[in-house]
Every structure is written in structure tokens, then in C-alpha cells.
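Notes follow the structure.
The values are calculated or read from the model by the stated rules, or taken from the named source; none is laboratory data. This structure is a prediction, so every number in the text was calculated from the model and none was measured. Cβ placement follows ideal geometry from the backbone for every residue including glycine, while neighbour counts extend to all protein chains displayed.
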Amino acid sequence: MTKQVRLDEWMDELDPQLLEEIGNLDDSPLSRAEQKKLTRMVMGRIRKPRRWRRIALVAAALVALSTATAAAVGDLGLFNRYFTGGTSQMAGMAAFPEVSDEADGYRVELLGLMGDDQTVNLIFDLIGAEGEVLPEDVRFYTSHIWVEQGSCSMGWHLDQIEDDDPADNQARFMLRMDTDRKMKGKTVSLVLDTLQKGWSTEEAPEFEDSILSDASWTLTFDWSWQDLGQKLSLPAELDKEVKEVYLSPVSLRVDISGRNNSIQPPLIHMKNGEVLTMEELSSISGTTSEFLKIQQRWQFDRILDLKEVEAVEVNGTLIPV
């Protein structure tokens, strides 16, 4: 279980001098070099784990964003390759915008997005020069996410995943992200910074030799896909602290409020009698706390057909779907 960082907690990590520098920014667009410098200044002041990056964002104050969102017909088989299950409505919760960025001889190309109102699975390719073989352990040293309108808490996980040919000039990555706010209609940018082979850090003597490129790449997209999730009707016998239960083909979300604001991991009851645990369904989860309110989220590793779901069990109470 991971706890998301709230905006006030994040701001506490920054010293007054840096906050003054951010506050003095004017409204003119930042160059790529300025964006990269500012990003490193901010992220350098934040204590964060390497594989999970969590940050509350005030993106519009930091980076001027541009959007490339030409719609394209995509291949749903892209997601079937990496997620088991599936649903006849899957096309509605996927989007395939034509978005790419190129720097220092490397190109990143967005292949597809799939999600609901608060989660997204994003797949993109990294493409090197013709004839170059990208190492199996290639990665981006840092990744950041900016939201153009407003602020939110979020968590994300970026990993290299299997592609068609491991011995070519391409590598494939998946970003899995969830937020504590509904994101419909918002513009989001994924910023990838410093291409590296291996896992050495800046403190290691071999770090400089591990860098393939010190450039940055940005993929900007609109949160425009259809939300196929359902806000479930809560039975009277359910704990009063449980305020909302939301289920989609790719996630489960439970909002709780009160002093006794903890729950056991929910269960998914299928119509065929199968009972699915969160341990079976989800390898990524998140929790956001705000006073006595808690939101717990589970992002699924498979795609559920909601027509085949009988009920969600929360603290021993069945909630019909």
C-alpha cells in the first residue's frame, strides 16, 4: 500500500529560496532547457523513492504545456497483450492520440491509453537510431507528470515491458498512474528525463558512464476516454464510514470518512462463483488521506467485464453491481 503525498506536504519539502524563485516566474513559455532546469531544482529538493514517484502538482505555475491530440484509430490488441481478461466495451475506455517527441536522436511515441476517471495505463515506445540496439536495462532516470488545470495527488509506476524484438532499436514502456481527483477533460504531460542504462544513481561513480542521453521528452495528452465505471449503491447494513464504492473494468476505489476509517482489502464476487482478491487482481494500489477522509484505490492487472461481476465485498458486506 502506498500513501500519496499531498500538496501541503510536498511544499514543506522545498526551501524558501526555491519557492521564491518559482513565485517570480512570469507567464512567458519556458524553453526546454528552462523546463528541465526547473524540474531538476524541484525534484532535487524532494525525498522520493526511485521506482515510485508521488507528488502533488501545481503544474501550470511551473511549465507551459502544449498539446498534440490528433485522434487516431488504435489497436486494442495492444492492451490485450499486457492485460488478461477483456470486455466488449473496451474500445470506449481506450484512446490512441498521435503524440510523440524527439530529442538527441531518440524518439518517444505514444501507442495508446486505457483507463477510467482516475486511472490510466499508458504505453509508449522509445526508438533509437537505425541499427542501434537498446540495452535490456534501458530506462529514464526520472519521470514527472504535470496537470495543466488544477492540482491533485497521484502515484505512478513506469517500467520497461516486453516488445516484439529485444535486440533492436526500440524499447517499450508502460506507465500506470492513479489520482485522487476525477481527471476527465484535463490535459496531462508525462516528462521523461535522462535516458540511462542500468540502475546507478547520481551518487555512484559509474553514473556518468551510464547516461545514453541527457535530454528530456514530453508526451502530452487529454484525459478524454469514456469512463465505464460505476458508483455502486450502498446497502444500509454497510459500515457508515464507507461513503462511496466505485468499480470500473480497470480499478476499484473506496472512499471512507470517520474515526474508524480503515477497511479490509475488498473482494470481487463473480457471477460464476469465483471470488477475486485484491492480491490476485492488483499489484498497484494507493491511499490518499485528508483529515478523517481516506480514499483507497486498487489498479487492476486484468480487465474485468462488469457484466460478469455479481458484487463487491467491503468489510464483510456484499454490494451488488
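A quick yes/no check of all residues on (1) touching a strand residue (DSSP E or B) at 6+ places or on another chain (Cβ under 7 Å); (2) without any contact (Cβ under 8 Å) to a residue 60 or more places away in the chain:
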{"residue": "Phe96", "(1), (2)": "yes, yes"}
{"residue": "Glu102", "(1), (2)": "no, no"}
{"residue": "Asp117", "(1), (2)": "no, no"}
{"residue": "Asp125", "(1), (2)": "yes, yes"}
{"residue": "Glu130", "(1), (2)": "no, yes"}
{"residue": "Glu136", "(1), (2)": "no, yes"}
{"residue": "Met154", "(1), (2)": "yes, no"}
{"residue": "Gln160", "(1), (2)": "yes, yes"}
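Go through Ile127, Ile145 for me and flag whichever is within 24 Å of Gly229 (Cβ to Cβ) and not assigned by TED's automatic domain parsing to the domain that holds Pro249.
Values: Ile127 fails: within 24 Å of Gly229 (Cβ to Cβ).
None of the others qualify; the one that does is Ile145.
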Review point. Which pairs have Cβ atoms under 6 Å, sit 6 or more apart or on different chains, and link a residue in the range 264-290 that is of a type in the set (Lys, Arg) to one that is outside any loop (DSSP other than H, G, I, E, B)?
Key: Lys271/Glu308; Lys271/Glu310
Review point. Looking at the range 183-205, is at least one residue under 30 Å from Glu308 (Cβ atoms), surrounded by 20 or more Cβ atoms within 10 Å (Cβ to Cβ) and assigned by TED's automatic domain parsing to the domain that holds Glu102?
Key: yes
Exercise for review: Just give me the residues in the range 195-231 being over 24 Å from the mean Cα position of the chain (by Cα) and farther than 26 Å from Glu109 by Cβ, in sequence order.
Suggested key: Glu202, Glu203, Ala204, Pro205, Glu206, Phe207, Glu208, Asp209
Point to revise | Residues that are surrounded by 14 or more Cβ atoms within 10 Å (Cβ to Cβ) and either among the basic types (Lys, Arg) or more than 30 Å from Gly185 (Cβ to Cβ) (or both), drawn from the range 212-254 | key: Leu212, Ser213, Asp214, Ala215, Leu238, Asp239, Glu241, Lys243, Arg253
Revision key, fill the gap. Over the range 225-281, the set of residues more than 19 Å from Met93 (Cβ to Cβ) and hydroxyl-bearing (Ser, Thr, Tyr) is Ser233, Ser257, Ser262, Thr277
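For Trp199, state whether it is closer than 10 Å to Tyr141 by Cβ, assigned to a loop (DSSP other than H, G, I, E, B) and in contact (Cβ under 8 Å) with a residue 12 or more places away in the chain.
yes
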Check your understanding: Before we move on, is Asp159 more than 27 Å from Gly229 (Cβ to Cβ) and surrounded by fewer than 16 Cβ atoms within 10 Å (Cβ to Cβ)?
Key -> no
Point to revise | Tally, over the range 266-286, of residues that are under 19 Å from the mean Cα position of the chain (by Cα) and surrounded by 15 or more Cβ atoms within 10 Å (Cβ to Cβ) | key: 6
**Study point:** Qualifying residues in the range 137-156 (those that are farther than 27 Å from Phe207 by Cα and crowded, with 19+ Cβ neighbours inside 10 Å) - the one nearest to the chain's Cα centre (by Cα)
**Key:** Met154
